[in-house]
Amino acid sequence: TRSLLHREAREDPMEGRAEDFGQFLYDKIAQIRDGFNSNEGCPTEVAGAGLETVIWEEFDSVTLDGVDRLLEGLRATTCLLDPCPTWLVLASREVTRGWIHSIINASLSEGVFPSTLKEAVVRPLLKKPSLDPAIL
């Protein structure tokens with residue numbers, strides 16, 4: 001249990017790479033736009049797209065059956081940020097589904113999404129194996 005509860009923070013070699021990747025894409029798009037030879041130009045904003053702002057003020061609670069369906073749809077893989085391996089959550093479903101049910105419904109009723117669940121590990125997949133992942 002010590003290895004599950006008191007995990008050492010490992011240095012992620014991809015940390016900070018999302019910003020670099022985003023900047024790379026931004027620069028690439030700017031380079032492509034500059035390459036267009038057009039007299040009309042390209043508008044940067046779409047005027048009158050007709051989209052209305054939708055604000056949701058309340059959500060329906062999730063049932064235990066809904067939590068079961070969510071758990072059944074989980075992949076067996078586990079992320080570096082997961083506090084508990086997926087296989088363990090699934091193996092202890094009878095115990096964990098009540099906790100998960102409470103967390104989801106508290107989040108929906110309060111309108112607050114836990115900040116610890118907003119983190120993600122982003123690893124770009126390179127389609128060409130000859131490319132160096134260190135150079136985005």
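All of the numbers you see were taken from the coordinates with simple rules; none came from a lab. All values derive from a computational prediction rather than experimental measurement. A quick note on method: Cβ atoms are made from the backbone with ideal geometry, for glycine too, and the neighbour counts reach across all protein chains shown.
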Please list, by residue number, every one of the trypsin sites (Lys or Arg not before Pro) in region 63-136 that is coil in DSSP and has at most 12 other beta-carbon atoms within 10 Å. ARG75, LYS127
Which three extents, in angstrom, do the Cα atoms of region 64-113 have along their principal axes, listed largest first? 29, 24, 17
Dipole moment magnitude, nearest 20 debye, region 63-136 about Cα centre, only Lys, Arg, Asp, Glu C-beta charged: 340
Which loop-located GluC sites (Glu not before Pro) does region 54-91 contain, where loop means any DSSP state but H, G, I, E or B and the Cβ has at most 12 other Cβ atoms within 10 Å? GLU57, GLU58
